[in-house]
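Structure, as structure tokens:
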Amino acid sequence: MTSDPTPRWSRYVALGDSFSEGLWDPYPYDDGTRAPAGTETTAVQRGWTDRLADHLAARRGDEPFEYANLAIRGLKLPQIVDRQLEIALAMQPDLVSLVGGGNDILRPQADINGISRRLEEAVAAIRATGADVLMGTGFRAGGPLSVTSGRVGQYNANIWSIARRHGAHVLDTWGLRSLFDLRMWSDDRIHLTDEGHRRIANAALVGLGLAPDDPDFDAPLEAAPAAPLRQRAREDAQWARAHVLPWVQRRIRGTSSGDGRTPKWPEPKPWPPSER
């Protein structure tokens, strides 16, 4: 536990896409064991937002703390704003995390300034209520996804400007050195592992001006031997078949991985809950 003052926030609402929903960080079973391989997609996801709520609730001690999470996987930034913002404001939160844009940036023709304007409008609406806002920069991707780096960099620059203009907080994922390691990422290379989400939650504390629970959250993993070029090529091909092709097929059909899904925590509830 840190020596920081008790966090002032008593009701936190998370808005966003799969990143804030918590893919792929399923809650463990009551005995502490992980969900068996193949069941991660059906288990309730934890993720950095739930972990951040854990940290804030623990630091508030006996002071009340409530948390809701409206994030839905697959949504683009305008969809997040249109579907979640009004509902969140009705909950009268004093802290809102609004992180999105990754699904937009994956499209080569993404209008970065357009989605940045929608983000700023949402941030301004939240700040007008007196609530604090936590935004998040985009990741620094490697391998085949490095083609998005230019778009991510432009979006990140806009995020920092929005934060300055509106007095918002920023979760800096771009600069998080520990995320440069593929071992922090799930098989799809787009979503984090449980360890990645744990480190992001600590980075979120720092973004809010608080000390991290783990001072080494940004430390890179111990170096691993580089895989042979042929092995990396096979892994890239397998990744493309298992994850890129289904993504492309959904785009062609006009469907989303979030279709038919509802938020995991749709109403503010005392946190941590007695059961999940």
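The values are calculated or read from the model by the stated rules, or taken from the named source; none is laboratory data. Since this is a predicted model, take the numbers as computed values, not measurements. Because the Cβ atoms are built from the backbone with ideal geometry, glycine has one as well, and the counts that use them run over all protein chains shown. All accessible areas refer to the heavy atoms of the entire protein, side chains included, with ligands and DNA or RNA removed. Shrake-Rupley method; radii C 1.70, N 1.55, O 1.52, S 1.80 Å.
Picking from Arg198, Arg234, which residue would you name as being open to solvent by 80 Å² or more (accessible area, probe 1.4 Å), assigned to a helix (DSSP H, G or I) and not polar (S, T, N, Q)? Give the derivation first.
Numbers: Arg198 fails: open to solvent by 80 Å² or more (accessible area, probe 1.4 Å).
Exactly one of Arg198, Arg234 is open to solvent by 80 Å² or more (accessible area, probe 1.4 Å), assigned to a helix (DSSP H, G or I) and not polar (S, T, N, Q), namely Arg234.
Does region 14-27 contain at least one residue that is within 17 Å of Asn202 (Cβ to Cβ), aromatic (Phe, Trp, Tyr) and modelled with pLDDT of 95 or more?
So far as region 14-27 goes, yes, one or more of its residues are within 17 Å of Asn202 (Cβ to Cβ), aromatic (Phe, Trp, Tyr) and modelled with pLDDT of 95 or more.
Only one of these conditions is not met by Trp239: (1) closer than 27 Å to Pro28 by Cα; (2) at pLDDT 70 or above. Which number is it?
In the conditions (1) closer than 27 Å to Pro28 by Cα; (2) at pLDDT 70 or above, Trp239 misses (2) alone.
Quick one: in region 70-95, of everything that is without any contact (Cβ under 8 Å) to a residue 40 or more places away in the chain and within 15 Å of Ala124 (Cα to Cα), which residue is surrounded by the most Cβ atoms within 10 Å (Cβ to Cβ)?
The selected residue is Asp82.
Can you name the residue in region 58-69 that is out of contact with any strand residue (DSSP E or B) (no Cβ under 6 Å at 6 or more places or on another chain) and not small (Gly, Ala, Ser) and, of all such residues, is most open to solvent (accessible area, probe 1.4 Å)? Break it down into steps so the answer makes sense when it comes.
In the first step, residues of region 58-69 are kept if they are out of contact with any strand residue (DSSP E or B) (no Cβ under 6 Å at 6 or more places or on another chain); the result is 58-65.
From what's left, not small (Gly, Ala, Ser): 59-60, 62-65.
On the way: Arg59: 25, Arg60: 25, Asp62: 161, Glu63: 103, Pro64: 90, Phe65: 10 Å².
Among those residues, the one meeting the criterion is Asp62.
Filter region 118-149 for residues that are of a type in the set (D, E, K, R) and more than 29 Å from Arg8 (Cα to Cα) and give the result.
To start, the set of residues in region 118-149 that are of a type in the set (D, E, K, R) comprises 118, 120-121, 127, 132, 140.
Selection gives Arg140 alone.
Got a sec? Which of Ile190, Ile159 is under 21 Å from Leu77 (Cβ atoms) and assigned to a helix (DSSP H, G or I)?
Numbers: Ile190 fails: assigned to a helix (DSSP H, G or I).
Unique residue meeting the criteria: Ile159.
Is it true that Asp172 is closer than 25 Å to Ala237 by Cβ and of a type in the set (Asp, Glu)? So that I can check it myself, show each step before the final result.
On the way: closer than 25 Å to Ala237 by Cβ: no; of a type in the set (Asp, Glu): yes.
Taking the combined requirement at face value, the residue does not satisfy it.
Return yes or no: is Arg117 basic (Lys, Arg), open to solvent by 80 Å² or more (accessible area, probe 1.4 Å) and farther than 17 Å from Glu21 by Cα?
Values: basic (Lys, Arg): yes; open to solvent by 80 Å² or more (accessible area, probe 1.4 Å): yes; farther than 17 Å from Glu21 by Cα: yes.
Yes.
Out of region 134-150, which residues are assigned to a helix (DSSP H, G or I) and open to solvent by 50 Å² or more (accessible area, probe 1.4 Å)? Even if it seems obvious, please write down each step before you answer.
Step one: list which residues in region 134-150 are assigned to a helix (DSSP H, G or I), which gives 143-150.
Result: Gly143, Pro144, Ser146, Val147, Gly150.
Can you tell me which condition Gly260 does not meet? The list is (1) in a loop (DSSP other than H, G, I, E, B); (2) open to solvent by less than 80 Å² (accessible area, probe 1.4 Å), and all the others hold.
Looking at each condition in turn, Gly260 falls short on (2).
For Asp216, state whether it is out of contact with any helix residue (DSSP H, G or I) (no Cβ under 7 Å at 6 or more places or on another chain) and open to solvent by 40 Å² or more (accessible area, probe 1.4 Å).
On the way: out of contact with any helix residue (DSSP H, G or I) (no Cβ under 7 Å at 6 or more places or on another chain): yes; open to solvent by 40 Å² or more (accessible area, probe 1.4 Å): yes.
Yes: the conditions hold for Asp216.
Can you tell me which residue is nearest to the chain's Cα centre (by Cα) among those in region 263-276 that are under 16 Å from Phe65 (Cα atoms) and open to solvent by less than 100 Å² (accessible area, probe 1.4 Å)?
Trp265
When you look at Leu221, is it in contact (Cβ under 8 Å) with a residue 12 or more places away in the chain, surrounded by fewer than 15 Cβ atoms within 10 Å (Cβ to Cβ) and either on the phi < 0 side of the Ramachandran plot or not charged (D, E, K, R) (or both), yes or no? Outline the logic, then answer.
Numbers: in contact (Cβ under 8 Å) with a residue 12 or more places away in the chain: yes; surrounded by fewer than 15 Cβ atoms within 10 Å (Cβ to Cβ): yes; either on the phi < 0 side of the Ramachandran plot or not charged (D, E, K, R) (or both): yes.
Here the answer is yes, as Leu221 does meet what is asked.
Taking Pro36 and the conditions (1) at pLDDT 95 or above; (2) open to solvent by 50 Å² or more (accessible area, probe 1.4 Å); (3) over 21 Å from the mean Cα position of the chain (by Cα); (4) not acidic (Asp, Glu), which numbered condition does it fall short on, given that it satisfies the others?
So Pro36 meets the others, but not (1).
Any residue in region 179-193 that is at positive phi sitting within a Cβ distance under 9 Å of a residue that is among the hydrophobic types (A, V, I, L, M, F, W, C) and in a loop (DSSP other than H, G, I, E, B)? List the pairs, counting only those 6 or more apart or interchain.
Qualifying pairs under 9 Å: Arg189/Ala141.
For region 46-53, check the following and say yes or no: at least one residue is open to solvent by 10 Å² or more (accessible area, probe 1.4 Å) and within 16 Å of the chain's Cα centre (by Cα).
Scanning region 46-53 turns up at least one residue that is open to solvent by 10 Å² or more (accessible area, probe 1.4 Å) and within 16 Å of the chain's Cα centre (by Cα).
Name the residue, out of Ala125, Ala157, that is surrounded by 15 or more Cβ atoms within 10 Å (Cβ to Cβ), more than 25 Å from Asp216 (Cα to Cα) and not β-branched (Val, Ile, Thr).
Values: Ala157 fails: surrounded by 15 or more Cβ atoms within 10 Å (Cβ to Cβ).
Testing whether each residue is surrounded by 15 or more Cβ atoms within 10 Å (Cβ to Cβ), more than 25 Å from Asp216 (Cα to Cα) and not β-branched (Val, Ile, Thr) leaves just Ala125.
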